[in-house]
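Note sheet for the following structure.
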Amino acid sequence: MREELSKQAPTASQPSGAGRKLNFSYEKIQPYTLVLALAAVWIVAGYLTGGVFLEPRNFSNLMRQMAVTGILSIGMLMVIVSAQIDLSIGSLVGLTGMTAAIVQATASHGVITTLFSAILLGLLIGAFQGSLVAYLQIPSFIVTLGGLLAWRGATKGISSGETIPLRLARLQAIGQDYLPVPAGNLLAGFVIVAIIAVVFWRNRTRKRLALPVWSVWQLLLRIVQPSFFVVAITFALNSYSGIPVPVLIFLVIALFGAFLMRNTVFGRYLYAIGGNADAARLSGINLRWLTLMVFCLMGALSGIAGILYTSRVGSASPDAGLLLELDAIAACVIGGASLMGGRGTVIGACLGALLMASLDNGMSLRNVPDFMQDIVKGGILVAAVAVDMVSRRRRY
């Protein structure tokens, strides 16, 4: 009798071996499938553009364009992981960029004041929206949808519908200058040394916690993989004019975001809230405060993105940042984040942003009509959400 019972199908609370295998395989191959998809997009775009897409100059432009979406994607990832959403960041990019342009147009204000005003405005708006969500319990979709319309209207109002050029050369340099090649090589070397130090530090931590330590080959793999990408990207960017300043700013924010989400209590609490808000509250986590903080971070990052966007194009226009919120959401979902909350990584969001920027760049080089570009990006977003939902059904 016991043998017969042991052969019966497992209960719903205990998934079958096949189910466990599917879940294990999905979690393991998801980052690699994203890298393969990115490589496929680059190969196809390079072929269709006669190699122009893969030239160092275009790669440098691609990375500069991706920096804005990448910064927004990092903030959006934190929001999505906590089971919230922010639809206002595109309008907020336009408003903070316009604010920076207006402030720098005043003779008495310099670059520092201009940067501070844009970031502070983004932070305050993020705090306002976060307060409505956290303390008044208004759904974030409604709050930020209203923000999408309100902040776009505010941008048009303070600019009177006109485009304002940047007059400060140092402000334009933030979005247009490059890091010298020797400095870029030195920075790449520093990053590789940091990668080695972090890998050995994590291995020692595992040993101290009585966890299985990595073998020599596992250590080499964890060092060689990221180091290879650092060297490849540095070489490609240095082949043109060096590492663009916006890319450098984006990388710093990405490292900060990855550390915040993986190595701090704040990041762990965000995953806990997104995974099960009721359980997180019962365990003593302050949901309201963390929700407020994550919207504040999103607002500050939107201010930084607004500065980079405005300085890169050299002027602030009333329609700047249009639909950037959808690019950021798509980047997060493509990178493995779940719109239900509790899942996603910073590196996945950054790779998703690079994929979205690559699609934009490639289609622009091929002179694909705007309506077709929107259709392609919309289809990719729906497909990414569909994959996420299917994976969740298999998991549960």
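Structure data summary
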{"item": "Carbon plus sulfur fraction of accessible area for the stretch 136-233, probe 1.4 Å, in percent", "result": "73 percent"}
{"item": "For the stretch 248-338: span of alpha carbons on each principal axis (Å, largest first)", "result": "49, 25, 24"}
{"item": "Range of Cα positions in the stretch 350-390 per principal axis (Å), largest first", "result": "34, 22, 9"}
{"item": "Inter-centroid distance (Cα atoms) of the stretch 358-378 relative to the stretch 224-279, Å", "result": "26 Å"}
{"item": "Contour excess over end-to-end distance, with Cα ends at Val198 and Ile158 and 0.36 nm allotted per residue", "result": "9.7 nm"}
{"item": "Among Leu132, Leu77, Leu123: highest mean-square fluctuation, GNM of the chain, C-alpha pairs under 10 Å", "result": "Leu132"}
{"item": "Crossing angle, helix 111-135 versus the chain [Cα axis fit, 0-90 degrees, rounded to tens]", "result": "40 degrees"}
{"item": "Inter-label distance for Ala173 and Val382, nm, one decimal - labels placed 7 Å from Cα along Cα-to-Cβ", "result": "4.8 nm"}
{"item": "At 1.002 mPa s and 20 °C, Stokes diffusion of the stretch 278-396 via Kirkwood alpha-carbon radius, µm² per second", "result": "129 µm²/s"}
{"item": "Inter-probe distance in nm under a simple model that places probes 7 Å from Cα toward Cβ, at Arg208 and Phe371", "result": "6.2 nm"}
{"item": "Relative contact order %, the chain, counting alpha carbon pairs below 8 Å whose residues are six or more apart", "result": "34 percent"}
{"item": "Spin-label pair Tyr47/Leu120, simplified geometry with 7 Å Cα→Cβ offset, distance in nm", "result": "5.4 nm"}
{"item": "Relative pair counts by distance (%), Cα atoms of the chain, 10 Å bins", "result": "5, 20, 30, 27, 13, 4, 1, 0, 0"}
{"item": "Additional length obtainable on full extension of the chain from Ala183 to Ile138, 0.36 nm per residue less Cα span", "result": "11.4 nm"}
{"item": "Rel. contact order, % - alpha carbon contacts under 8 angstrom, at least six apart, the stretch 255-396", "result": "22 percent"}
{"item": "Amide H within-cut-off set for Tyr178, under 5 Å, with H built and near neighbours excluded", "result": "Val245"}
{"item": "Of Gly75, Gly153, Gly175, the one that fluctuates the most in a GNM where the chain has Cα springs shorter than 10 Å", "result": "Gly153"}
{"item": "Accessible area, probe 1.4 Å, largest first, for residues Val79, Val265", "result": "Val265, Val79"}
{"item": "Projected area averaged over orientations for the stretch 144-276, convex hull of C-alpha atoms, nm²", "result": "13.2 nm²"}
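The values are calculated or read from the model by the stated rules, or taken from the named source; none is laboratory data. What you are looking at is a predicted structure, and each value in this text was computed from that prediction instead of being measured. Ideal geometry is used to build each Cβ from the backbone, glycine not excepted, and the neighbour counts take in all protein chains shown. The accessibility values were calculated without ligands, DNA or RNA, using every heavy atom of the protein model including side chains. Shrake-Rupley method; radii C 1.70, N 1.55, O 1.52, S 1.80 Å.
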